[in-house]
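Below you'll find the structure, written out as structure tokens, and then a few comments.
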Amino acid sequence: MKQAVVFSICDQVTGEVDRVITGPPGIELINTREGEFAYPGKVNALARYVDPVVGVEQGKLPLALEVSELFIVPDGVEAAVISGIPEGVRVVWPDGVDELVQGGSVTFRVTQPGQYEFQFYGVRYMPEEVTIGARY
């Protein structure tokens, strides 16, 4: 009986781990789709990715986000700016919209009091959350 093998299936462009498969030798050949590559072993996708250029597992870096204001007045004028966002990082806005950050920062204004959570993530970075409060 042949021993089972483990592979992490990764995106060819970003190196992001999509899934981990286990099975007999050759299983990676039938479980790799177009635009993917198989990396031997199990990669912890929360903390690591596989550099697609050199084929080496890398640790994700912490985001060094800067927040101008943790609390703003909900008047639609006062704003909080979250900056220091590296290229390739995405933001999930408080309303659930997920978009690629352009220009290294996002600006947030609101007209209703409350707590607003932002989620930042990218293939090469550890995810991070920022909460901004809006109160009078």
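The values are calculated or read from the model by the stated rules, or taken from the named source; none is laboratory data. This is a predicted model, so every value here is computed, not measured. Counting neighbours? That spans all protein chains shown, and the Cβs are built from the backbone with ideal geometry, glycine included.
Side notes on the structure shown:
- Residue 64 vs. criteria in contact (Cβ under 8 Å) with a residue 12 or more places away in the chain, touching a Phe, Trp or Tyr at 6+ places or on another chain (Cβ under 8 Å) and small (Gly, Ala, Ser): no
- Inside segment 35-93, residues that are part of a loop (DSSP other than H, G, I, E, B), within 30 Å of residue 20 (Cβ to Cβ) and either out of contact with any strand residue (DSSP E or B) (no Cβ under 9 Å at 6 or more places or on another chain) or of a type in the set (Gly, Ala, Ser) (or both) make up a count of 9.
- Selection from segment 17-32 of residues that are outside any strand (DSSP E or B) and either in the same structural domain as residue 90 (by TED's automatic domain parsing) or buried (at least 16 other Cβ atoms within 10 Å of the Cβ) (or both): 27, 28, 32
- Condition check for residue 35: loosely packed, with under 12 Cβ neighbours inside 10 Å, of a type in the set (Gly, Ala, Ser) and either modelled with pLDDT under 95 or assigned by TED's automatic domain parsing to the domain that holds residue 103 (or both): no
- Pick from segment 96-136, criterion of a type in the set (Val, Ile, Thr) and touching a strand residue (DSSP E or B) at 6+ places or on another chain (Cβ under 7 Å), ranking: nearest to residue 13 (Cα to Cα): 123
- Pick from segment 84-110, criterion polar (S, T, N, Q) and surrounded by fewer than 14 Cβ atoms within 10 Å (Cβ to Cβ), ranking: nearest to residue 129 (Cα to Cα): 107
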